[in-house]
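The values are calculated or read from the model by the stated rules, or taken from the named source; none is laboratory data. From a predicted model like this one, the values you see are computed outputs, not experimental measurements. Glycine gets a Cβ as well: all are built from the backbone with ideal geometry, and neighbour counts include every protein chain shown.
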């Protein structure tokens, strides 16, 4: 949604106001707040390697910082920041930008099934806790 606003709204002030409103409307949980911010960070980074590194570092600090502030636990902060840094390392240094030749259909459907399934499991675990 944030990217759509960035592409469709050409007036800078109106675009900024729309993005701020979208972020404020998503204050129900930390991920809903951080997802638009991450989108803006990675939109800013584009294809610049130094900016991509800065975007991953900022994302790790924001995500880990919010987790740590929410729980007061350094372990929670690191538990959220470290996976962002690991994924940044994998994407920046190990991914070659090409899709796998074999297993394309499997990976596509795995992604479509994995994300909603893991959210459902996390929601059920939260209800049980």
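Quick notes on this one:
- Residue 67 in a helix (DSSP H, G or I), within 23 Å of residue 41 (Cα to Cα) and at pLDDT 85 or above: no
- Scan the stretch 80-93 for residues that are exposed (fewer than 15 other Cβ atoms within 10 Å of the Cβ) and over 22 Å from residue 48 (Cβ atoms) and the total you get is 2.
- Residue 78 passes every criterion in (1) modelled with pLDDT of 75 or more; (2) in a loop (DSSP other than H, G, I, E, B) apart from (2).
- In this structure, residue 100 does not satisfy being assigned to a helix (DSSP H, G or I) and either modelled with pLDDT of 80 or more or loosely packed, with under 14 Cβ neighbours inside 10 Å (or both).
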